[in-house]
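Q: Before we start, here is the structure in question, set down as structure tokens.
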Amino acid sequence: MATQNPPRVLTGEIAPVLRSIETVIVGKPEAVEQTLVAVLAGGHLLVEDVPGVGKTTLARALARSIGGSFSRVQCTPDLLPGDVTGVHVLDQRQGTFVFQPGPIFANVVLADELNRATPRTQAALLEAMEERQVTLEGTTRPLPNPFLVIATQNPVELEGTFPLPEAQLDRFLLRLRIGYPNEQDELELVDRFASAAPLDEVMPVLDLPHLIALIRSVRDIRVEPSIRQYVVALVRGTREHASVRLGASPRATLALFHAAQAQAAIRGRTFVVPDDVKSLAGPVLSHRLLLTSQARLRGRTELTVLDDIVAATPVPVE
């Protein structure tokens, strides 16, 4: 299928953002790259990791690097939908109600510990993620462009949490784990933060209009018919595997397709290769699967099941 515009190499325009974020996120190039995959693919990011590994720093560094606005929502059980989307308040001088925007009106929104918010508040946030707009009292207000939600979850502490249902997890383009740094990277981290705060020195290396143009250009990255078939085969394989009770949706097919385009662009190519699809299968598909109870009793995880599916799916050879 011919694209409307010829694809162009974007790595020179994206590389400065990668380098800027890596000044504060040490030794985690894969996590930084996957964050930019979410940005360029127009999706949202779920970061599931323990406290203190840099989730908030990653979100702030991204917002500063692209010159975008940033807001943080600390999710708690008493957080109301209006605390996220905004409310109408009475202006006593004019005698009218005025809309007070909530923290959702930012380019990069960090929803910290999303699973601590009630299902009603989760739904309000995720609706805004899907529709890219907020409707209150009959008035629809568009959210900023670009718009990225980075939601975090603590995979260890479950008391007082409201786990996201599968339909809401499906709204996230990909899930990543930052993980602990190795010893050498942790020593470098100590050196960098010993006498300064590198985050304060992060400056915009890309403006928002340019970023919006890059997001549009990513959709022109060429994906051959055989690669498209490979994407479809991997997703359909999740629906047919014996260990999977609920497989990935068609939304997941599109997510894997567009994420592969974004990764190809970041790596300096105008076309997608099978390795783009294979390397993103876990981050894009794992949180969309629901395993059978028997599979979990046998110690299977979504990632090990996906390894089986990737291994069993023939790789296209040009």
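The values are calculated or read from the model by the stated rules, or taken from the named source; none is laboratory data. Since the model is a prediction, treat every value here as computed from it, not as a measurement. Note that we place each Cβ from the backbone using ideal geometry, even for glycine, and neighbour counts take in every protein chain shown.
Q: Mind listing just one residue for me: the one in region 121-143 that is farther than 22 Å from ARG175 by Cα and either of a type in the set (Gly, Ala, Ser) or touching a Pro at 6+ places or on another chain (Cβ under 7 Å) (or both) and, of those, modelled with the highest pLDDT?
A: Only one residue fits best here, namely GLN133.
Q: If a residue counts only when it is of a type in the set (D, E, K, R) and assigned by TED's automatic domain parsing to the domain that holds SER279, which helices (runs of 4 or more DSSP H) contained entirely in region 180-262 have at least 3 such residues?
A: 225-240
Q: Restricting to region 122-179, name every residue that is polar (S, T, N, Q) and in contact with a strand residue (DSSP E or B) (Cβ under 7 Å, 6 or more places away or on another chain).
A: Within region 122-179, GLN133, THR140, THR152, GLN153 meet the criteria.
Q: Please verify whether GLU30 is among the acidic types (Asp, Glu) and in contact with a helix residue (DSSP H, G or I) (Cβ under 8 Å, 6 or more places away or on another chain), treating the condition exactly as stated.
A: no
Q: I need the full set of residues from region 134-149 which are closer than 12 Å to ALA106 by Cα and in contact with a helix residue (DSSP H, G or I) (Cβ under 9 Å, 6 or more places away or on another chain), in order please.
A: LEU143, PRO144, ASN145, PRO146, PHE147, LEU148, VAL149
Q: Looking at LEU79, LEU40, LEU58, can you tell me which residue is in the same structural domain as THR140 (by TED's automatic domain parsing), modelled with pLDDT of 95 or more and buried (at least 18 other Cβ atoms within 10 Å of the Cβ)?
A: Unique residue meeting the criteria: LEU40.
Q: Looking at this structure, is ALA262 at pLDDT below 95, closer than 18 Å to GLY43 by Cβ and either buried (at least 16 other Cβ atoms within 10 Å of the Cβ) or touching a helix residue (DSSP H, G or I) at 6+ places or on another chain (Cβ under 6 Å) (or both)?
A: Spelling it out, it is not the case that ALA262 is at pLDDT below 95, closer than 18 Å to GLY43 by Cβ and either buried (at least 16 other Cβ atoms within 10 Å of the Cβ) or touching a helix residue (DSSP H, G or I) at 6+ places or on another chain (Cβ under 6 Å) (or both).
Q: Could you list, in sequence order, all residues of region 221-253 that are hydrophobic (A, V, I, L, M, F, W, C) and over 26 Å from PRO29 (Cβ atoms)?
A: Scanning region 221-253 gives VAL232, ALA233, VAL235, ALA242, VAL244, LEU246, ALA248.
Q: Taking the conditions exactly as written (over 15 Å from VAL232 (Cα atoms) and either assigned to a helix (DSSP H, G or I) or of a type in the set (Ser, Thr, Tyr) (or both)), does ALA265 satisfy them or not?
A: When the stated conditions are applied, ALA265 passes them.
Q: I'd like the residue in region 276-313 that is at pLDDT below 95 and among the basic types (Lys, Arg) and, out of all such residues, is nearest to ALA38 (Cα to Cα).
A: Ranking the candidates gives ARG288 first.
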